[in-house]
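What follows is a single structure, written as structure tokens, with notes after it.
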Protein chains: 2
Amino acid sequence: MAEVTLKDVARASGCSIATVSRVLAGTRPVGAETARTVREAAERLGYRPNQVARALRSRSTGTVGLVLPQITNPFFPSLVRELEHALHAGGRAVLLADCDDDPLTEAARIGALLDRQVDALFLIPVDEHRSRDAVADAAARVPLVLLDRGCGPGVADSVAVDNAAGMALVLEHLAATGRRRPCFVGAAGTASAAVERRTAYEAGAAAFGPEAAARIELGDFSVEWGRAAVDRIWPARPDALVCANDLIAVGALQRLRQLGADVPGEIAVTGFDDIPLAGLADPALTTVRQPVAELAAEATRLLTHRPGAPGSRRAVRLAPQLVIRASSTPGGPLIPRPR
Amino acid sequence: MAEVTLKDVARASGCSIATVSRVLAGTRPVGAETARTVREAAERLGYRPNQVARALRSRSTGTVGLVLPQITNPFFPSLVRELEHALHAGGRAVLLADCDDDPLTEAARIGALLDRQVDALFLIPVDEHRSRDAVADAAARVPLVLLDRGCGPGVADSVAVDNAAGMALVLEHLAATGRRRPCFVGAAGTASAAVERRTAYEAGAAAFGPEAAARIELGDFSVEWGRAAVDRIWPARPDALVCANDLIAVGALQRLRQLGADVPGEIAVTGFDDIPLAGLADPALTTVRQPVAELAAEATRLLTHRPGAPGSRRAVRLAPQLVIRASSTPGGPLIPRPR
DNA sequence: ACATTCCCGGAGAACGTTTTCCCGAGGTAC
DNA sequence: GTACCTCGGGAAAACGTTCTCCGGGAATGT
């Protein structure tokens with residue numbers, strides 16, 4: 001029951017440690033007969049290579065750190081899931097670090113992971129600016145892929161949804177279903193998602209007339225803000241509420257219902273991200289689905305492809321998908337258009 | 001920029017590797033003067049101990065595996081968060097493994113984590129029975145704490161909420177607010193949470209009369225089942241729907257609304273777990289809050305306290321808390337009673 | 001027949017720590 | 001003065017791999 005090592009297998013199979021290692025790792029051709037003997041002995045003894053020793057010698061732990069602001073943010077679990085599966089499929093393990101939305105904790109966690117010799121880092125930065133130094137330092141030491149949110153230009157490779165395209169899909173849909181007076185409920189601050197979605201709204205809303213692009217309320221990415229925003233907006237009677245994420249939209253739906261507004265009859269509401277909650281809201285929320293599996297696949301692809309050339313940072317943007325549900329379609333959900 | 005090792009610090013401070021190690025690890029008293037020199041050199045060079053080498057030598061990685069069925073299950077993220085914080089506070093790191101609700105994947109993940117020499121495992125088993133062998137094997141190798149769900153008696157230490165107490169709180173509350181005809185919507189199968197909550201309902205419902213304990217519908221722990229269950233139950237016009245978890249309850253709320261039922265006027269609905277969605281449902285869901293932080297604290301306490309005596313498995317049960325919201329109180333939420 | 005290559009396998013260094021063992025200096029007890 | 005601690009410190013083993021180097025034999029070429 002005690003650990004069986006290469007030495008044990010070597011002794012049992014009557015050859016040297018080096019040979020056993022070569023057979024099991026397949027790093028160099030070995031005579032067919034000896035290979036058979038070794039494999040049999042390894043099997044019989046139940047040998048499992050010690051990954052720590054392997055890591056020390058080969059300078060690669062087969063471990064990737066995953067640093068995120070708050071696992072309780074409802075958008076992250078599905079992303080974590082996909083990343084975990086993608087990495088485990090490649091035989092790598094995931095060291096998880098939750099930052100509690102605090103840049104200092106984030107820096108500490110990154111340091112702890114680096115001390116543990118992670119081969120690479122997946123990181124969703126807490127803050128566009130305040131995460132930057134720690135992220136840049138880390139990116140200088142290991143391959144690092146930024147996910148979902150940016151962290152200043154040229155700091156590291158990044159993979160994210162194309163926020164502008166998503167917002168365009170929403171506005172296009174609203175226009176096609178006859179909405180005329182949209183209004184945007186977004187988040188203040190410099191987080192990339194907040195900025196990109198806001199500016200994309202401004203750009204796209206021009207098609208609804210000059211004043212539509214100006215109907216913007218900014219708070220944060222929370223349900224509470226969604227509720228509060230409705231109180232500020234509803235008197236102006238917009239016929240569509242474009243929310244910067246699903247939490248805001250859910251809050252808006254709740255408050256609109258309290259006020260007796262008819263969604264989607266009087267006013268359409270849309271979200272962004274397609275968190276699980278979106279489909280469960282009442283009415284079910286029209287939203288922009290992030291291509292989570294593709295994000296994960298692209299992220300893992302990035303870190304295998306890049307040894308660490310510091311010159312060219314890559315920023316991959318993936319196409320989102322519009323998910324049309326009841327909150328924007330009086331006659332019930334439509335079939336999403338192909339794009 | 002290349003890794004600075006003990007050897008470098010030794011050279012810079014003019015003493016031996018052993019001494020440096022002793023100073024930095026504090027394992028043996030060292031002369032005050034040398035200690036100062038060493039610490040200064042370490043600081044100046046920016047020395048960070050290589051955790052992999054440390055792990056190899058000391059046979060302890062300072063790493064704990066966390067194995068769970070599905071990170072996308074809305075109850076888990078907060079638990080993961082608390083566990084992660086509790087462990088990181090102790091200087092340990094978390095290797096995350098998501099099993100995709102599949103016992104085979106679970107066994108593979110457990111094996112992968114053991115190969116990585118985790119010091120211990122936190123595990124939420126996928127299935128009461130089909131997880132058992134893999135869990136028992138793992139528990140024989142490292143300290144293992146079962147969380148939230150059981151896995152047969154005597155397999156490993158476990159920490160979970162006291163489901164019976166939670167269900168009792170619910171029934172007590174319903175009785176106190178005048179409900180007379182409760183009905184239970186639970187999950188079939190042998191999962192410990194499903195069984196315990198079901199039997200606790202049966203025991204507690206006896207106070208409502210003999211037929212109340214028999215009003216039980218069993219499906220699974222999903223929103224869909226909650227919706228479906230309402231269709232089977234509503235014709236009998238119960239005045240309270242006791243759901244085995246929040247997802248079921250949310251599904252029930254949705255369907256009841258579609259049917260035009262008045263919640264909580266005509267019928268109260270309660271859940272279990274207090275997932276984030278519970279507070280956002282409409283009406284907000286009365287439910288039983290799991291003491292997530294305490295679960296995590298107790299779990300970490302268990303694995304430090306127990307070297308691995310195979311004789312006595314400990315099963316810790318923690319008291320839940322009733323969270324009273326609008327779904328069970330016609331006059332708006334009451335103040336939760338102290339207990 | 002001899003040089004060259006190739007193939008298979010072993011001995012041992014290396015990875016960066018922790019820890020055991022040892023040594024010398026200085027103090028104390030007799 | 002000798003015996004015996006204690007204390008600060010160094011040399012080197014050990015952890016379990018991977019990988020480099022080396023050697024012996026067979027095969028091939030001239």
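Each row is one residue, and each column tells you yes or no for (1) within 14 Å of another protein chain (Cβ to nearest Cβ); (2) more than 19 Å from residue A:74 (Cα to Cα).
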position: A:193; (1), (2): no, no
position: A:210; (1), (2): no, yes
position: A:233; (1), (2): no, yes
position: A:238; (1), (2): no, yes
position: A:263; (1), (2): yes, yes
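State whether one or more residues within segment B:82-98 are under 16 Å from the mean Cα position of the chain (by Cα), of a type in the set (A, V, I, L, M) and away from chain A (no Cβ under 13 Å). Looking through segment B:82-98, none of the residues is under 16 Å from the mean Cα position of the chain (by Cα), of a type in the set (A, V, I, L, M) and away from chain A (no Cβ under 13 Å). Just checking, which of B:265, B:209 is among the small types (Gly, Ala, Ser) and in contact (Cβ under 8 Å) with a residue 40 or more places away in the chain? After ruling out the rest, the residue left standing is B:265. Do we have any residue at all in segment B:102-109 that's facing chain A (nearest Cβ under 8 Å) and either within 18 Å of residue A:112 (Cα to Cα) or among the hydrophobic types (A, V, I, L, M, F, W, C) (or both)? Taking every residue of segment B:102-109 in turn, none turns out to be facing chain A (nearest Cβ under 8 Å) and either within 18 Å of residue A:112 (Cα to Cα) or among the hydrophobic types (A, V, I, L, M, F, W, C) (or both).
When you scan segment A:302-339, how many residues do you find that are among the basic types (Lys, Arg), within 30 Å of residue A:64 (Cβ to Cβ) and at pLDDT 95 or above?
Pass one, segment A:302-339, residues among the basic types (Lys, Arg): A:306, A:313-314, A:317, A:325, A:337, A:339.
When the remaining residues are screened for being within 30 Å of residue A:64 (Cβ to Cβ), the result is A:306, A:313-314, A:317.
Now narrow it down to the ones that are at pLDDT 95 or above: A:317.
Residues that pass the stated criteria total 1.
Residues in segment A:151-190 that are within 24 Å of the chain's Cα centre (by Cα) and more than 20 Å from residue A:289 (Cβ to Cβ): A:151, A:152, A:153, A:154, A:155, A:156, A:157, A:188, A:189, A:190. For residue B:118, indicate whether it is in contact with a strand residue (DSSP E or B) (Cβ under 8 Å, 6 or more places away or on another chain), in a loop (DSSP other than H, G, I, E, B), within 14 Å of chain A (Cβ to nearest Cβ) and crowded, with 17+ Cβ neighbours inside 10 Å. Here the answer is yes, as residue B:118 does meet what is asked. Per the conditions (1) in a helix (DSSP H, G or I); (2) more than 8 Å from chain A (Cβ to nearest Cβ); (3) among the aliphatic types (A, V, I, L, M), the sole criterion not satisfied by residue B:67 is (1). When segment B:70-81 is limited to residues that are touching a Lys or Arg at 6+ places or on another chain (Cβ under 9 Å) and surrounded by fewer than 23 Cβ atoms within 10 Å (Cβ to Cβ), the one that is nearest to the other protein chains (Cβ to nearest Cβ) turns out to be B:72.
The residue list B:209, B:204 contains one member that is assigned by TED's automatic domain parsing to the domain that holds residue B:168 and crowded, with 16+ Cβ neighbours inside 10 Å, which is B:204.
The set of residues in segment A:9-52 that are away from DNA strand C (no atom under 11 Å from the Cβ), crowded, with 18+ Cβ neighbours inside 10 Å and assigned to a helix (DSSP H, G or I) comprises A:9, A:12, A:41, A:42, A:51. Name the single residue, out of those in segment A:24-47 being more than 11 Å from DNA strand D (Cβ to nearest atom) and among the β-branched types (Val, Ile, Thr), that is nearest to residue B:112 (Cα to Cα). The extreme case among them is A:38. Among the conditions (1) touching a residue at least 12 places away in the same chain (Cβ under 8 Å); (2) within 14 Å of another protein chain (Cβ to nearest Cβ); (3) within 7 Å of DNA strand D (Cβ to nearest atom), the only one that residue A:21 does not satisfy is (2).
Scoring residue B:60 on the criteria (1) over 27 Å from residue A:60 (Cα atoms); (2) within 11 Å of DNA strand C (Cβ to nearest atom); (3) outside any helix (DSSP H, G or I) leaves a single failure, condition (1).
The values are calculated or read from the model by the stated rules, or taken from the named source; none is laboratory data. Note that the structure is a prediction, hence the values are computed from the model and not measured. Cβ coordinates were reconstructed from backbone atoms using ideal geometry, including for glycine residues, and neighbour counts include every protein chain displayed.
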